[in-house]
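What follows is a short report on a single structure.
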Amino acid sequence: MAGILKVDKYQDFNGNDIMTSDGSGNITINAAALKMTPLFYAYKSSGTHSFTLNTNTKVTLDTESFDTASNFDTTNNRFLPTTAGKYLFIGQANIDYSSGAPTTLNANIRLNGTTQIASSGYNAGSGYGSRNMSGIVNMNGSSDYVELWVYSNSTSPYYVGGQYNTWLTGFKIIE
């Protein structure tokens, strides 16, 4: 059995328009419902910055390229969502270990202090190493937070600052 439903407007429970029609076959979808926000990109400022040998260390991401809803806290170096949902996070840690090659170089994205996304590996030789990671994290939107962490067993590890070296970005996924 087929049926026809004729409406000029769909609204949510609070009376907000989700979709409207002008009666001529043209529909308008509420763009706010389709935005993948909040959206941010934070990175460590230029230079090299030491971190503790053989210890997981939080990366100080002190600069933002953009932050659509002011959700990234550069003082505490963490993302704090105001909207619950699933978020895609992508991060990179670029490490200078020229003074002592590590056998282990790890980077991870943590939710409330617990690793959710990790990139681990072994590096031979000296120079620079990089760990990239990405994944989806479910966040409650009120008390959750996400941070970038690194670990190396180099004798003098440094993470490299700069917009394209050590960074974290993320956004809410449309579900």
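Where a number appears in this text, it was derived from the coordinates with a stated rule and is not lab data. Treat the numbers as computed from the prediction; the structure is a model and nothing was measured. FYI the Cβ positions are ideal-geometry reconstructions off the backbone, even for glycines, and counts take in every protein chain you see.
Summary of computed values
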| item | result |
| --- | --- |
| Reachable aspartates and glutamates, given that their alpha-carbon falls under 19 Å from the alpha-carbon of residue 6 and they are not under 8 places away in the same chain | 17, 22 |
| Pairwise FRET efficiency - residue 175 versus residue 22, Cβ, R0 = 25 Å, nearest 0.05 | 0.35 |
| Contour excess over end-to-end distance, with Cα ends at residue 134 and residue 62 and 0.36 nm allotted per residue | 23.9 nm |
| √(5λ) per eigenvalue of the Cα gyration tensor, the range 115-175, largest first, Å | 28, 12, 11 |
| Rounded Å value of the spacing that divides the Cα centres of the range 3-26 and the range 68-84 | 34 Å |
| Volume per residue of the C-alpha convex hull in the chain, rounded to whole Å³ | 162 Å³ |
| Cα-centre dipole for the chain with unit charges at Cβ (Lys and Arg positive, Asp and Glu negative), debye to 20 | 340 debye |
| Proximal lysines relative to residue 86, as straight alpha-carbon distance under 30 Å, when same-chain residues fewer than 8 apart are discounted | 9, 35, 44, 58, 172 |
| Given charges at Cβ of Lys, Arg, Asp, Glu: the chain dipole, positive-most of 130, 168, 87 | 130 |
| Per-residue Cβ neighbour rank within 10 angstrom, fewest leading, 13, 72, 89 | 13, 89, 72 |
| Chymotrypsin sites (Phe, Trp or Tyr not before Pro) restricted to the range 106-175 and DSSP loop, no more than 10 other C-beta within 10 Å | 122, 164 |
